[in-house]
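Student: Below: one structure in C-alpha cells.
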Amino acid sequence: MDGAATAFEAQRRYMVERQLKSRGIRDPRVLEAMGRIPRELFVPEKYRHNAYCDEPIPIGCGQTISQPYITALMAQVLELQGAEKVLEVGAGSGYHAAVLGALAAEVITVEIIPELAEMARRNLEAAGCAANVRVICADGSLGYAELAPYDAISVAAAAPEIPPKLLEQLADPGRLVIPIGSLDEQELTLVTKSQGVISSRVAALCRFVPLRGGEGWKLQ
Ligand code: SAH
C-alpha cells in the first residue's frame, strides 16, 4: 500500500472513532463498511485531503456529499441485515450507495443530474463497489417503479413531504429514511411500514440539498 493510501486509512479509522462511534453509531456492519470503503475516491480531487472531515463536501453541480455521520445514521436506522433490495434517491458521488451496497444484497440508486449519475458510476467502479449497485439517471422523487418493491429506501435530498410514490414502492415490512422539512432545515425522518401500518419518528435534525423533480421542490 502506498503512503497516501496508508494516510487515508488512518484518517478513516479516526473518522469511525471520533465521528461515528462517539456519536452513537453502533451497528457493527455500518462501522465495518465505513471503516473500509475508500471515501477519498468519491470526492473531487481538489477536496481529497478533506475526504474524512466532519462536514459535507461539494461534488459539483451545486450538490454535496453528506457528512460521514449522516450517512452512517441513515444507514443504521434502516437496520439492514444483508438480503435487502434498497432504493437510494440522489446518488451524488455514489459514496452512500457504496455503503448501502456493503450492507444489503442490491442497491438501485437514482440520480437526476446526468453528469453526477456518470460520476457516481465511475467512482463506484474505481472503489470496487459497483458489483451490486446500479446507477440510474431519472427523477427519483417518483421512485423507480420498474424494480419495486424495495425493502428499504434512503433519500439523500430534502423533501417538503414524503413522496407518495416512495411509500407505495416500499415493501411491507419496509423502512424509509428521508429528510423532511423546509429548504433550510429538515427532520431526518424514519418511516416504517408494517402490516399495512405506516409510522414515523424523527432521528435527527439535518440540512440537505433540495429534492427536485415531480414530487420535490419546484426550483429554477
Ligand atoms: N448520496 C450522495 C449525496 C447526494 S446529494 C452521496 O453520497 O454523495 C443529493 C443528490 O440528490 C444530488 O446529487 C442531487 O442531484 C440529487 N437529486 C435531487 N433531486 C433528485 C431527484 N428528484 N431524483 C434523483 N436525484 C435527485
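Student: Checking the structure you have, find out if any residue of segment 93-112 is under 19 Å from T192 (Cα atoms), hydrophobic (A, V, I, L, M, F, W, C) and more than 13 Å from the ligand (Cβ to nearest atom).
Tutor: Within segment 93-112, one or more residues are under 19 Å from T192 (Cα atoms), hydrophobic (A, V, I, L, M, F, W, C) and more than 13 Å from the ligand (Cβ to nearest atom).
Student: Tell me, which strands (runs of 3 or more DSSP E) wholly within segment 145-220 include 2 or more residues that are surrounded by 21 or more Cβ atoms within 10 Å (Cβ to Cβ), away from the ligand (no atom under 11 Å from the Cβ) and of a type outside the set (S, T, Y)?
Tutor: Qualifying strands (runs of 3 or more DSSP E): 150-155, 170-181, 186-194.
Student: Mind telling me which of the residues P28, P68, P38 ends up being open to solvent by 30 Å² or more (accessible area, probe 1.4 Å) and either closer than 25 Å to A131 by Cβ or in contact with a Lys or Arg (Cβ under 7 Å, 6 or more places away or on another chain) (or both)?
Tutor: The conditions single out P28.
Student: Starting from residues that are out of contact with any strand residue (DSSP E or B) (no Cβ under 8 Å at 6 or more places or on another chain) and in contact (Cβ under 8 Å) with a residue 40 or more places away in the chain, keep the ones in segment 68-81 and report whichever is farthest from the ligand (Cβ to nearest atom).
Tutor: Q76
Student: Moving on to the next point. For a quick check of your reading of the model, give me the residue pairs whose first member lies in segment 114-142 and is closer than 16 Å to P38 by Cβ, whose second is crowded, with 18+ Cβ neighbours inside 10 Å and polar (S, T, N, Q), with beta-carbon atoms closer than 6 Å and at least 6 apart or on different chains.
Tutor: Listed pairs, sorted by first residue: N123/S93.
Student: Sticking with this structure for a sec: Being of a type in the set (G, A, S) and under 20 Å from G62 (Cβ atoms) is the filter here, so list the residues in segment 99-151 that pass it.
Tutor: Once the filter is applied, which keeps residues that are of a type in the set (G, A, S) and under 20 Å from G62 (Cβ atoms), segment 99-151 yields A117, A120, A138, G140, S141.
The values are calculated or read from the model by the stated rules, or taken from the named source; none is laboratory data. Quantities reported herein were computed from a predicted structural model and do not represent experimental measurements. Note that each Cβ is placed from the backbone with ideal geometry, even for glycine, and that neighbours are counted across all protein chains shown. For the accessible areas, the whole protein counts, side chains as well, though only heavy atoms, and no ligand, DNA or RNA atoms are used. Shrake-Rupley method; radii C 1.70, N 1.55, O 1.52, S 1.80 Å.
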